[in-house]
Structure formats: C-alpha cells, structure tokens
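Laboratory data are not the source of any read-out in this text; all were calculated from the coordinates shown. Bear in mind that the values here come from a model prediction, so they are computed numbers and not experimental data. Counting neighbours? That spans all protein chains shown, and the Cβs are built from the backbone with ideal geometry, glycine included.
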Protein chains: 2
Amino acid sequence: MLPVNFTPGPSQIYFTVEDHIRQGFKEGIPSISHRSKTFEQIYKTAKEGIFSLLNVPADWEMVFTSSATEIWERSLENLVTERSHHFVNGSFSKRYYEFAGLLGKEAGITQAREGQGFDLFTDSLDAELIAITQNETSTGVSIQNDWIAEIRKHNPEALLIVDGVSSLPHLQPDFSQVDSVFFSVQKGFGMPAGLGVWLVNQRCADKAEQRTRAGLRTGTYHALPSLLSNAKKFQTPSTPNVLGIYVLSKVCEDLLRRGIDTIRKETNYKASLLYHTLDQHQTIKPFVTETKHRSPTVLVANTDGRTKEIADVLLKNGLQAGDGYGPGKQTQLRFANFPAHSKEVYEQLCDLLARLD
Amino acid sequence: MLPVNFTPGPSQIYFTVEDHIRQGFKEGIPSISHRSKTFEQIYKTAKEGIFSLLNVPADWEMVFTSSATEIWERSLENLVTERSHHFVNGSFSKRYYEFAGLLGKEAGITQAREGQGFDLFTDSLDAELIAITQNETSTGVSIQNDWIAEIRKHNPEALLIVDGVSSLPHLQPDFSQVDSVFFSVQKGFGMPAGLGVWLVNQRCADKAEQRTRAGLRTGTYHALPSLLSNAKKFQTPSTPNVLGIYVLSKVCEDLLRRGIDTIRKETNYKASLLYHTLDQHQTIKPFVTETKHRSPTVLVANTDGRTKEIADVLLKNGLQAGDGYGPGKQTQLRFANFPAHSKEVYEQLCDLLARLD
C-alpha cells in the first residue's frame, strides 16, 4: 500500500483518476486529434465543470497551458507593457515577481514576512497588473477576499490576477473583484502534473488584443489572443495534454457530484482539526500564527527540531508528510488538505501528532 | 475494438503505454515530488533511453518542455538575437518560421513547393540559427542527412536545429552535423501528448549563456540556461509532466528491447509496401513524387476525389486514416508509420487500398 501523500503538489491523487485514465484509453482519448469534435466536447465539458465548481461568470473564458508556472510567464507577457506589482509572502509569489524582471518589465513589490499576511493596503499602485497569491504553497499563508477587494477599490484601473494554485477549488474567488484566476491540476484537483488552467475576463482579453495590435510582444502559440480565439471553438493553438483535459473534465464531474459545499465543509473541518491539534501541542506548532491568515488547504507546522522523527512516525503509519519549502526545509512539515485527503486520514494524522507529545 | 489510428500525431498509442501508466500509479509516480531522488532516477533513465535509441553523443544534454511547439519558441528565444533562417516546405516548418517574426527576430526563408524537397543548397546564410524540419508532418516530405551536411558545410558558424517531430526514432540524425534536435512524444514514441524533448549540444548552451550574460532576453523558467542547470541534476525548473517522463523512460526500454535496427527495418518495409501500393494504384497516388524526398514515417496520398470513400472503407475495416493537412485537407489522406503500427496492420491497409481500384 502506498502512503497517503500530504505534499502540497504533486499531491495525493484523487481516488477516481486512475479509473478515468483507464476509461480514457478504452475510448481512445490519447489518440484523438485536438481538432476533432470529440476533443471540443471534452474541452467544453471541462470548462462547464470548472465554471460550475468555482461559480465563474459566464462571460469569462478558460484556456489551457502546461502549468501554472507557464501562466506566470504568459500573464506578464500578455498583460504588462511596463509595470506589474506583486504581493510577495513566500517562495512562489516571489518567483512570479522575479519573472517580471526576467521579461524586462519593471515590477513593484510589497513584501510580507514569511508566514505572515499583509496589512490592510490602501495605496494606489502604479501598475498595469497586480498579482496576488491567494495561498502561498511554501508558507501556508492565505489571503482573504475582502483584503483583495480593498486592493481593487484603490486600484480600479489595474488588472488583478490571483494565483489560486493551492487554494482551489476550496477558496471561492470573488470574480467580481478580480480579472484573472489560475491554477494547476496537481494540487487541489488531485491529478498528475502537466496542465495549467487560466481563467480570464474580457478586460484581460482586451488588454492583450490592444498590445498585439500596437505591435507589442505577446508571445507565439500561447499568446493570450491565440489561446482565446481557439478557446471560442473549444480548441487549443497546438496539441495540448489531451488526456489531462479529459481527466480534468471527469474529476470536475466527480467533485460536483460530491458537492462543492460538502467538500468545502469537510476541508474546513479537517483544517480546524489539524490547527487545533497543533495549537494544543507542546512543541509542534502552526507556522502561521494569525488565525485569519492560516491557509485551510496547505497547513505548515514548525517541528521544533523534530522534523525527521515526526515524518518517520507518520510514514510508519502510512502517512507521508510534505517537506518544508525553501527556508523551512529542515524545520517545518507541510500538510496539504485537498479533496483527495479524507476526513478519516486527517483524524488519523491528528491522533498521531497529538501522541507525539 | 478501437480502430488503429494512422493520424500522424496524436497517433496510435504504443501497445505497452497503458500498462506503464497502470504500473506508474501502483508505484505512486503521479504523486512524487519532482525534487525527489525517484524523479531524478526517472529523468536519468529516460535520458539514457533516448541517448541509446538515437545514439546521441554523451556530451549533449536533454531537457523537457511541454511540446515541440514550445521548443520552436524557446529555441528562437534562446539562440537568436537577430536572425534565424528557415527551410519551409509545409505548414509546420512555416509555423516555426512565423514564430521568429512574432518574437521580433528577423527571419530568412527558403521555401520549397509543398510536397517537394529542397535542391542542393550551397549558400552561406546570414543567420545565427538555421532551422530544418527533418520530416514535414503536413506533406510527408523528408530531408536527408547528406543534404543537411551540405548546409552545415557552408554555414559552419550558425547553429543548426532539426525538428524531428514525426521522424524520430526512425531517422537517425547525424549529430556531428547539427547542434540541436527535438521532438514530441505523441508521434513516433506512441505516447499521449503533453511532453516535448529537446536535445542540445554545448554550442547551444554557450550561446544561450552568452545571451543571458549580455542581458538579452532568454525567457523565464524555460530559458535554456535554467533548463540545463536543472538537467545537470536530472531535475526540471518547475513541476513537469512527471508521469509522461516516466512513461517515456519505459517506452524507450521497450523499443531498445525490440531493437532500434529491427524497428527501422520494419518501418522501411511498411513504407516500401505502402508507397509500392500507391505507385501501382490507378487513382490513389503518393503526393510526394520524388523517391528520395518521400518520408518513411508519414506517407501522404492524393485521393483523386475519393477521400471520404477511402476513409470509410478503411474505417469499416478497423483502420482510421489521417486527414490531409491544411491545403490537402479535402484531397489527401495521411498514414503514419510509427513503431506502434505493426507490419500486419500495414499489410491489411495496403490490401484494402489495392482493392479500391
């Protein structure tokens, strides 16, 4: 038996995925052309699934890339001529910020200390694109919708993009306050890596289109206008990860059948249980101290020098903790709390941690 | 029973792939971290497999992207400051050429008529990168190594890159005459789409490194220096298609066990059989008239107005012909001849076509 994987991505695979792949082979999905009606139907089903699960407005569009990392690059390339601004509170939001420099854009930065959230922010920023990481996978800090709404209020002209990599499908974005949301499938959707999902509204489409018309560089096959004109036909500019898109369409159906409200309630229950266990613990403590900044989907624990001991005990019991990331690699463990992680397994995890006192 | 798929990519899946995916799930591959030792071992095995199959020199390096289309973009971005030159004889080589313009490079072009090869070319080109498509998937025109060697002879300073998308693993590149070769896995390797393989020599590495040091733009996570510094550790800059890389490592082992010489002999046999059948046919004829330009791996037939009739007869017998591409969409059918297509199925194909007289 393989251990249950708590690494926040690639993470535990959702329990239906292998069957969907088997069924996909039976239907010949890996061999179909991405110009076929069958593919268009798969794209359409995946889009409908994501739009239902996350309550995406009907006038938004959904395009595929190979990863969320690619979307960092494509978003800056398409939506920024001169200046973006980045809220950075961990390794991944920082890397998004660094991409801007590599692409020759000026980038502003507002930095929180690792493991902390941002204070109320009411500045008007000189930026075309404001990037916010809803859930820092490296530190387990989560950003709330009302904080994002404040940024929006003071920066109505800028496009606002939300990296939802490890927060979705749990955290419901407020699509009325943002212009773009993206994620990759190997986190909350419990799928093998190799597919990014990028949601954009008309403002993003217009900006990329205007920049293209002005002769500014937006890229090649994955320039946003190219992605969007294909998406209108439920197609992609080049051969995508067809099997991945098929599996995504099926996993969305599974999650919808289970009910997104049920999943969110369970996620909150599991998060409360683990945070409570850590709060009560003598030595193993939550890294994020402020309750409102604690991520419900990636929970980070300071191990007080017991990293290996804890990981070993868990592994002996069939649970694989996620390593800490970056500066926390030796001193922390991370626990993903995704739809693929059952209540039972979370109860077992908390029991084991409590007994480690 | 699904029909055998002759579309040249996504194409017929190699018969071992589904088992490898099943085994991969059993081993927990979709959940492993791309920073783990397990992943490094998978990358190493895949590299050794490709290097053995294609006889790649030991001092070359292999990196992964999400597709060959991405490599069109990344190669131009990393290896060209001002000017590339493209040999264009169909839709795909043309699109590679167009990417150069989209990226703000000047691009020279030498164009053959569709379905025809290039004459001996002895010009010295004003270009940093010369791009040659070894096998035009749209038209079934193949380029020979001795022709490439002539280009090299007259352009020793330029980097020479070969798009081997639908020619590999059958056509053995002459690595002593080129600097880079790339392909995607959904053609000759019989895998689901979503992975590109990029082979480069030290000259490419040096050029990208020099351009980076000079402050010229090479990209972000998939800038060649970033790909290469990770490849030295058998890692990738961001989470890749881990399962795809695992399956590639296994398919290489399968092909090596069968023997690349055997596979190439069989491919030649199948190609001869089909070209002979078409040459003898009253109405259905090979599109590429000159023998030396005929691709052994993508065979294109002019259908003389009988496209639908032929496709229907084949499909009734369990064989799915590939549609023509671009200008040939209504008037041609394409037949992939990859390791996944058995001799028996090719004999059946030729029998059926011969009887259509």
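Some notes on this structure:
- Put the Cα centre of the stretch A:10-53 next to the Cα centre of the stretch A:212-245 and the gap is 19 Å.
- Calculated [θ] (222 nm, deg cm²/dmol) that DSSP helices of n ≥ 4 give over chain A, each run adding -39,500 (n - 2.57): -12500 deg cm²/dmol
- Residues whose amide H falls under 5 Å from that of residue B:109, counting only those 5 or more places apart or on a different chain, are B:86, with hydrogens built in the peptide plane.
- Comment: the Cα-to-Cβ extended label point of residue A:317, at 7 Å, lies 6.4 nm from its counterparts in the other copies, nearest first.
- Note on residue A:47: lysines with a C-alpha under 21 Å away, same-chain residues under 8 apart excluded, are A:37, A:187, A:232, A:233, A:250.
- Local net charge near residue A:342, Cβ-Cβ under 13 Å (Lys/Arg +1, Asp/Glu -1): 0
- Once backbone amide H atoms are built at 1.01 Å from N, residue A:159 has A:129, A:130 as its partners under 5 Å, excluding neighbours fewer than 5 places away on the same chain.
- As a calculated quantity, the FRET efficiency between residue B:116 and residue B:44 at R0 = 56 Å, using C-beta atoms, amounts to about 0.85.
- Within the straight-line cut-off of under 16 Å between alpha carbons, the lysines reachable from residue A:308 are A:285, A:316, A:329, sequence neighbours fewer than 8 places apart in one chain being disregarded.
- Here's the picture: a label point sits 7 Å out from the Cα of residue B:176 along the beta-carbon direction, and within the stretch B:127-156 the residues with their amide nitrogen under 19 Å of it are B:144-156.
- Kyte-Doolittle mean at least -1.0 and Cα axial length at least 15 Å: DSSP H helices in chain B: B:37-54, B:68-79, B:91-102, B:242-258, B:260-280, B:343-354
- Cβ-vector label at 7 Å, residue A:106, separations to other copies in nm: 3.1
- Straight-line cross-link partners of residue A:265 among the aspartates and glutamates, defined as a Cα under 17 Å from its Cα and at least 8 positions apart when in the same chain: A:254, A:344, A:347.
- The phi-based Karplus calculation (6.51 cos²θ - 1.76 cosθ + 1.60; θ = phi - 60°) puts the 3J(HN,Hα) values of the stretch A:323-333 at 5, x, 10, x, x, x, 4, 8, 10, 9, 10 Hz, whole numbers, x for Gly and Pro.
- Within the stretch B:17-257, percent of DSSP bridges classed antiparallel, to nearest 5: 40 percent
- Exposed loop sites are taken as GluC sites (Glu not before Pro) in a DSSP loop (any state but H, G, I, E or B) with at most 16 other beta carbon atoms within 10 Å; the longest stretch of chain A without one runs A:158-289.
- Taking B:180, B:75, B:124 in turn, the Gaussian network model of chain B (Cα-Cα springs below 10 Å) assigns the largest fluctuation to B:124.
- 3J(HN,Hα) along the stretch A:174-187: 8, 5, 6, 10, 9, 10, 7, 9, 8, 7, 10, 8, 8, 10 Hz, from the Karplus curve 6.51 cos²θ - 1.76 cosθ + 1.60 with θ = phi - 60°, whole Hz, x for Gly and Pro.
- 5 angstrom amide H check on residue A:65, placed H, neighbours 5+ away: A:196, A:197, A:198
- Each copy carries residue B:145; placing its label point 7 Å along the C-beta direction from Cα gives inter-copy distances of 6.2 nm, listed from smallest up.
- Each Lys and Arg adds +1 at its Cβ and each Asp and Glu adds -1 at its Cβ; summed about the Cα centre, chain A shows a dipole of about 740 debye.
- Computed over the protein assembly as shown, the range of Cα coordinates on each principal axis works out to 83, 50, 48 Å, biggest value leading.
- Residue of chain A nearest the A-to-B rotation axis [by Cβ], rounded angstrom distance: A:66, 2
- Local electrostatic count, residue B:33, Cβ distance below 11 Å [Lys/Arg +1, Asp/Glu -1]: 0
- Cβ-based net charge around residue B:325, under 12 Å, with every Lys or Arg adding one and every Asp or Glu removing one: +2
- One Cα centroid belongs to the stretch B:93-121, the other to the stretch B:285-325; the line between them spans 25 Å.
- Applied to the stretch B:105-116, the Karplus parametrisation 6.51 cos²θ - 1.76 cosθ + 1.60 on θ = phi - 60° returns per-residue 3J(HN,Hα) values of 9, 7, 9, x, 9, 10, 10, 9, 5, 4, x, 10 Hz, with x for Gly and Pro.
- Neighbour cut-off at most 12 other Cβ (10 Å), DSSP loop, trypsin sites (Lys or Arg not before Pro), the stretch B:45-154: B:113
- Using R0 = 41 Å, the C-beta based FRET efficiency linking residue B:264 and residue B:312 works out to 0.80.
- Charge dipole of the stretch B:62-171 (Cα centre as origin; +1 on each Lys and Arg Cβ, -1 on each Asp and Glu Cβ, all else neutral): 180 debye, rounded to the nearest 20.
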